[in-house]
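S.K.: Structure incoming, see below.
The values are calculated or read from the model by the stated rules, or taken from the named source; none is laboratory data. Please read all numbers here as calculations on a predicted model, not as lab measurements. Positions of Cβ are generated from backbone atoms using ideal geometry, with glycine treated the same way; all protein chains shown enter the neighbour counts. Protein only, heavy atoms only, side chains kept; ligands, DNA and RNA dropped before computing areas. Shrake-Rupley method; radii C 1.70, N 1.55, O 1.52, S 1.80 Å.
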Amino acid sequence: MFSQSIDCVKYLVLPLLFLTICLGLPETTSGQSSRNNIEEISEDEMEVVRRVRFTGNNNVSARSLATLVRTRSNREFLGIRRFTPWYYIWQVFGVGEEPRLLDRDVVSNDIDRIRLYYENLGFFEAEVDTNIIEFRNNRYEVSFLIREGPSSRIKSISYTGLPEFDDESIRNNFFRQSNFSGRRLNDSTFSYRSDYRAQELREEQTRIINFLKNHGYASIQRDSVRALLKKSTDNQNELDVLFTIRPGEIYTFGNVYVNLLGPEGENSFDDEQILEGEPYTLPGYTITLQKQDAAQTHFDLLKEQIRFTPGEKFDQSAYLRTINSYQVLGNVLINRFGLSRDSSLPDYSIQEIPVYFDMQTLPRHSLRAEFFGMRRYGFGTGIGGNYNNNNLFGKAENFTLGINTSFEYVPSRTLSEISPRDEFGRRTSSGAAIFQSYEVRAEYSVPRLNFPFARFTGSRWVESARTRYALTYSQSNQLFFDINSDIRFNLRYEFRHSRRFTSLVDLLEMDIVDTNPSAQFRQNLINEFGEGSFEFLRIEQDFNPQFSSIIRYIFRNQNTNLIKRDYGYFSEYSIALAGNIPYALDRYLVNPGEIEGSLPSPFGISSNDLSYSRFVKISADYRRYIPITQNTVFAVRGFAGMAQPIGQSENIPLNRRFFAGGSNDIRGWNPFRLGPGGISPDEVTIPGGEIKLALFKEFRQVVLHDIFGAQWQIAWHTDAGNVWYGPRNTFRDEDNVDLLRDGKFFLDSFYRQIAVGTGLGLRLDWEFIIFRFDFTFRAHDLEVGWFNNKLMYFSFGIGHSF
C-alpha cells in the first residue's frame, strides 16, 4: 500500500508568502527589521551582512537560493562582489540604501525555507546548516551549508476515483492532456521516469480539478484530489505516485441573473426581460436581464455574451469565457459575479447552480487631448484630440474620431547634410525649414467577429474577438516631396486565443497615396543622375502616386509586461500578400485582358495615375527578457524580414520596404539612413530594402529607487543589423555592371555589411511610462570601419526600444 501522503499545498514552492504561512514563520522582512534596529543602535554597533554564500548546492543555483532567503547583503552593482555603492552613499550622506542587518531569527527561518525548497525538488534527506563569520568588526559573512542527499525520481503515475463518462473520448482526453502521460501500463497507470518535482504534482492536481469542473463536477476542491507516494522496493529513491480523486456530484447551470446599472450606479432598474426556453435555456430555466435606462445598452448585447445554456451540465470554462466576454466589451465594468447571490460558495446541496452578474456601464462619451514630441530629421512637437463613444448604438460599438497635427523644425546644418546636390556637387539647401502635417482618423469597432468570420465568435479557441474598421486621411509636406493626400482603409479581425496568443487578420488594407515631388527635387535628381538615368526613374517611381492593397496575417505570442519588459518574451510573425486588388481591377475592369501596371485615380482624387506593385512579405520578431538579479535584466531581440516582388512587379513600394536606423531600431544612425548594404548614406539612390536582419541586446540595471517617483536605470545597449536590396532589384549599365551590387544581399559577404552601434543610456521608469535617453557610438561604421568613428549620437524615446 501507499505509505506516504503528500499535502500538495505544503509542497508548493512559490510564492514565498505561502511558505511563510505553511511554516508558521514570521512575515517580517529583513528590510523592516533593519529599519527598526537602525533607529535603536548607532552605526558602529550595527551587525551588517556583507556577504551571503551557499555551499554544497550542486543541483540548485546560488541565484535561486538567494531569491528564496530573507538574509541578504546590500545590492551589488552589476553583480560585482561587495561593490555596493548605494550603501556607501548612505554611509557618507545618510541617503541611499540602509545597511542590511544580521537577524539570527531570520537566518533560522531561512534554513527552513531552503530545506523545504529542496524537499519540493525531491531531496527529502537534505540537511541545511549555517555558519556566521565576523570577518571584520561588526561585518558578517553568512554561509548556508547544504548537504543535498540523493534526489528522488517518479517511476509511475496512477489515477483512482476518476468518474465514468458517457463518451469514452473524454476519459482518453483526460489522460492525453496529462504532463505525466508516458507508456501506458494499464487503463489508469503510466510509466514516467523523471525527477520528482512537487510543483508538477501541484499543477497536475489543478489540471484534474479544472478538467472535472469543466464536465459537471462543480463541487470538487483541492482536498478532493490528493497525491500519495510509495517508495519502490527495489530503489528507495524511486517513487510511485497515486492520485486519489473524489469528484462529488454532477451539477447543472441554474437560472442566470444579469443586472446592468448606469454610470451613476443607482440600485433600481427600469426595464426587465426574462428569457425562457429554446434557444436560450432548457425547459424550466430562465435568464433574467435587468437594466437602467441610463445604461443605454440593448438586452441583446447582454444575452449574446453568455457562453452556456441554463439547464446544461456545469462547465467552468464556459462560465469563465462568459466573464471574459463581459470584461472585453469596453463599455461595462463588472462589479460582482459569482455562483451565489452574495458571491460566497455555491450551495452544493442543490443540483442547479445559479449564476449572477452585476455590472455597471462606463461613461459613454470621452474627450482626450495629447501633446507629443518627435525627432526625425530635426525636433518637432504636435497636438492631437480624440473623441470616443464606447457604446454608439447600444451594443458596445466603439467609435473614435481623432485629429493630430505636428510641426518639425530642421536646422540648416542637418538640412544641408541630407538635401540633394546640384550639378556642381553642392548641397542645395540653405537655411532651416519647418515641415508640418495633419491626420484625421475615424475608427469603428465591435466586440465580435463580423462576416466572413462571424461563425467563430464564441468558439472555444477564441477567448475574445473584435472587428475594426479604420479610415484615415492625412496630408504632409516633407523634405523631398509633399503628400497631397493619403487615404487609408483597414478592415481587421482580432482573435484572442488566450492570455498569450493572439491572431490578427487584415482582410482588406488599402492605401491611396497622391504625392507631389517638388520641382527643385526633380531638378536636383536630373543634375545628379541625368534625366534618363536609372536612379532618376526609380526614385521618381518611388514618389509617384500609388495604390496598394494588402492581405496580412499576424500571430503574436507574449508573456511579458509590455511596459516594463523585465521578464518573459514577446514574439510576432507575419505574412502578407499585396497588390492583388489593383491587379484585378487593372486586368479585368480598366482594360480587360491587358495589364497597364497603373490605374486611374478613383473619384477624381488626383489627376495622376496610380501605380501598384504585387509582392509577398514575411517577417519574424522575437524578444527575450531575462532577469539576472532582482535589479538587472538582460534583453535580446532578433529580427528578420524579406519582401519579394511577384508577377510583373520588380520592386517594393517605398512605404512597404524595410528600413534601418533610429531610436527604436539600430541606434547611432538616423531613421531610414542606414543601408542598403554597404552603400554610403550620401550615395543611397533607392532608400530601404527588401531584406532586413538585426540583432539587439541591452543590460538594464536599476541604480536608484523611487527618485521623483521613478526607478532610474543604466542601460548598456548594442544594436547590429542592416537592410539590403533583394535579388530582383537589379540595374545594369551599358557595360553590364550591376549598379546596385554594393547594396544587395549575398550570403558570402553580408556579414561584412553589418553596422554595429553600442553605448550607454538612462531610463526613467515610472509605473506607466518610461523615458529613454541613449548615447551611442558607431562601433562598426560601414564608411570608416571598426572603431574609427569617435562621434557620439544621442537619441530619445518613450518606452524601451524593444
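S.K.: Report the residue count in segment 218-262 for those that are open to solvent by 70 Å² or more (accessible area, probe 1.4 Å), in contact (Cβ under 8 Å) with a residue 60 or more places away in the chain and of a type in the set (Asp, Glu).
M.R.: Within segment 218-262, residues that are open to solvent by 70 Å² or more (accessible area, probe 1.4 Å), in contact (Cβ under 8 Å) with a residue 60 or more places away in the chain and of a type in the set (Asp, Glu) number 1.
The rows are residues; the columns are (1) closer than 19 Å to Ser571 by Cα; (2) surrounded by fewer than 21 Cβ atoms within 10 Å (Cβ to Cβ); (3) touching a strand residue (DSSP E or B) at 6+ places or on another chain (Cβ under 7 Å); (4) of a type in the set (D, E, K, R).
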site	(1), (2), (3), (4)
Ile628	no, yes, yes, no
Arg656	no, yes, yes, yes
Asn670	no, yes, no, no
Gly675	no, no, yes, no
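S.K.: How do the strands (runs of 3 or more DSSP E) wholly within segment 101-166 filter down when requiring 2 or more residues that are over 22 Å from Lys231 (Cβ atoms): which remain?
M.R.: Working: elements: 127-136, 139-147, 153-160.
Those strands (runs of 3 or more DSSP E) span 127-136, 139-147.
S.K.: Among (1) farther than 17 Å from Pro671 by Cα; (2) touching a helix residue (DSSP H, G or I) at 6+ places or on another chain (Cβ under 7 Å), where does Leu782 come up short?
M.R.: (1)
S.K.: Here is a follow-up. Can we say Leu333 is in a loop (DSSP other than H, G, I, E, B) and farther than 30 Å from Phe773 by Cβ?
M.R.: On the way: in a loop (DSSP other than H, G, I, E, B): no; farther than 30 Å from Phe773 by Cβ: yes.
Taking the combined requirement at face value, the residue does not satisfy it.
S.K.: Can you name every residue in segment 286-330 that is buried (at least 19 other Cβ atoms within 10 Å of the Cβ), of a type outside the set (Val, Ile, Thr) and assigned to a strand (DSSP E or B)?
M.R.: Leu289, Gln290, Lys291
S.K.: Check off (1) open to solvent by 30 Å² or more (accessible area, probe 1.4 Å); (2) modelled with pLDDT of 90 or more for Leu504 and give me the number that stays unchecked.
M.R.: (1)
S.K.: Right, here's the next one. Are there any pairs with C-beta distances below 8 angstrom linking a residue in segment 82-93 that is open to solvent by 80 Å² or more (accessible area, probe 1.4 Å) to a residue that is basic (Lys, Arg), with the two at least 6 apart or on different chains, and if so which?
M.R.: Cβ pairs passing all conditions: Arg82/Arg50; Arg82/Arg51.
S.K.: I need the full set of residues from segment 471-498 which are under 23 Å from the mean Cα position of the chain (by Cα) and of a type outside the set (Ser, Thr, Tyr), in order please. Please lay out each step first, then the result.
M.R.: First pass over segment 471-498, keeping only residues under 23 Å from the mean Cα position of the chain (by Cα): 490-498.
Result: Asn490, Leu491, Arg492, Glu494, Phe495, Arg496, His497.
S.K.: Is there a residue being within 34 Å of the chain's Cα centre (by Cα) and either at pLDDT below 85 or on the phi > 0 side of the Ramachandran plot (or both) anywhere in segment 439-457?
M.R.: Of all residues in segment 439-457, those within 34 Å of the chain's Cα centre (by Cα) come to 439-457.
Those left that are additionally either at pLDDT below 85 or on the phi > 0 side of the Ramachandran plot (or both): 457.
The answer is yes, given that some residue of segment 439-457 is within 34 Å of the chain's Cα centre (by Cα) and either at pLDDT below 85 or on the phi > 0 side of the Ramachandran plot (or both).
S.K.: So which of Pro354, Pro420, Pro346 ends up being crowded, with 16+ Cβ neighbours inside 10 Å, at pLDDT 95 or above and farther than 30 Å from Thr467 by Cα? Steps first, please.
M.R.: Numbers: Pro420 fails: at pLDDT 95 or above; Pro346 fails: at pLDDT 95 or above.
Testing whether each residue is crowded, with 16+ Cβ neighbours inside 10 Å, at pLDDT 95 or above and farther than 30 Å from Thr467 by Cα leaves just Pro354.
S.K.: Checking Arg499 against (1) in a strand (DSSP E or B); (2) at pLDDT below 90; (3) surrounded by fewer than 17 Cβ atoms within 10 Å (Cβ to Cβ), which test does it fail?
M.R.: (1)
S.K.: Okay, next question. In segment 614-649, what residues are out of contact with any Gly (no Cβ under 6 Å at 6 or more places or on another chain) and not in a strand (DSSP E or B)?
M.R.: Listed by number, the residues that qualify are Gln630, Asn631, Ile646, Gly647, Gln648, Ser649.
S.K.: Related question: Among the candidates Ser498, Ser474, Ser459, single out the residue that is in contact with a strand residue (DSSP E or B) (Cβ under 7 Å, 6 or more places away or on another chain) and of a type in the set (Gly, Ala, Ser). Step through it out loud before you land on a result.
M.R.: Values: Ser498 fails: in contact with a strand residue (DSSP E or B) (Cβ under 7 Å, 6 or more places away or on another chain); Ser459 fails: in contact with a strand residue (DSSP E or B) (Cβ under 7 Å, 6 or more places away or on another chain).
Unique residue meeting the criteria: Ser474.
S.K.: In segment 597-645, how many residues are among the aliphatic types (A, V, I, L, M) and in contact (Cβ under 8 Å) with a residue 60 or more places away in the chain?
M.R.: The initial filter retains those residues of segment 597-645 that are among the aliphatic types (A, V, I, L, M), namely 599, 605, 610, 616, 618, 620, 626, 628, 633, 635-636, 640, 642-643.
From the residues that got through so far, the ones that are in contact (Cβ under 8 Å) with a residue 60 or more places away in the chain too are 605, 610, 628, 633, 635-636, 642-643.
Number satisfying all stated conditions: 8.
S.K.: I want to confirm something. Restricting to segment 95-136 and keeping residues that are farther than 21 Å from Glu148 by Cβ and out of contact with any helix residue (DSSP H, G or I) (no Cβ under 8 Å at 6 or more places or on another chain), which single residue is surrounded by the most Cβ atoms within 10 Å (Cβ to Cβ)? Explain how you work it out, then say what you get.
M.R.: Of all residues in segment 95-136, those farther than 21 Å from Glu148 by Cβ come to 95-106, 132-136.
Imposing the further condition that a residue be out of contact with any helix residue (DSSP H, G or I) (no Cβ under 8 Å at 6 or more places or on another chain) reduces the set to 102, 104-105, 133-136.
Details: Leu102: 23, Arg104: 12, Asp105: 12, Ile133: 12, Glu134: 11, Phe135: 9, Arg136: 10.
By that ranking, first place goes to Leu102.
S.K.: Now for a different question. Can you confirm whether Leu101 is closer than 24 Å to Glu238 by Cβ and touching a residue at least 40 places away in the same chain (Cβ under 8 Å)? Break it down into steps so the answer makes sense when it comes.
M.R.: Numbers: closer than 24 Å to Glu238 by Cβ: no; touching a residue at least 40 places away in the same chain (Cβ under 8 Å): yes.
The answer is no for Leu101.
S.K.: Residue pairs, Cβ under 9 Å, 6 or more apart or interchain, first in segment 396-412 and without any contact (Cβ under 8 Å) to a residue 24 or more places away in the chain, second in a loop (DSSP other than H, G, I, E, B) and surrounded by fewer than 17 Cβ atoms within 10 Å (Cβ to Cβ). List them.
M.R.: From residues that are without any contact (Cβ under 8 Å) to a residue 24 or more places away in the chain, the pairs are Ser412/Ser430; Ser412/Gly431; Ser412/Ala432.
S.K.: Same structure again: Condition first: free of Cβ contacts under 8 Å to residues at least 60 places away in the same chain and in a loop (DSSP other than H, G, I, E, B). Now tell me which residues in segment 768-794 satisfy that.
M.R.: Val784, Phe787, Asn788, Asn789, Lys790, Leu791
S.K.: Condition first: closer than 15 Å to Tyr438 by Cβ and open to solvent by less than 20 Å² (accessible area, probe 1.4 Å). Now tell me which residues in segment 458-475 satisfy that.
M.R.: Scanning segment 458-475 gives Thr472, Ser474.
S.K.: Here's a check for you: in segment 263-314, which residue that is among the small types (Gly, Ala, Ser) and over 37 Å from the mean Cα position of the chain (by Cα) is nearest to Leu362 (Cα to Cα)?
M.R.: So in segment 263-314, the residues among the small types (Gly, Ala, Ser) come out as 265, 268, 277, 284, 294-295, 311.
Next, only the ones that are over 37 Å from the mean Cα position of the chain (by Cα) stay: 268, 277, 284, 311.
Values: Ser268: 17, Gly277: 32, Gly284: 34, Gly311: 32 Å.
Ranking the candidates gives Ser268 first.
S.K.: What number of residues within segment 541-569 are of a type outside the set (Phe, Trp, Tyr) and part of a strand (DSSP E or B)? Spell out how you get there, then give the answer.
M.R.: So in segment 541-569, the residues of a type outside the set (Phe, Trp, Tyr) come out as 541-542, 544-546, 548-552, 554, 556-566, 568.
Now drop any that are not part of a strand (DSSP E or B), which leaves 546, 548-552, 554, 556-558, 568.
Matching residues across segment 541-569 total 11.
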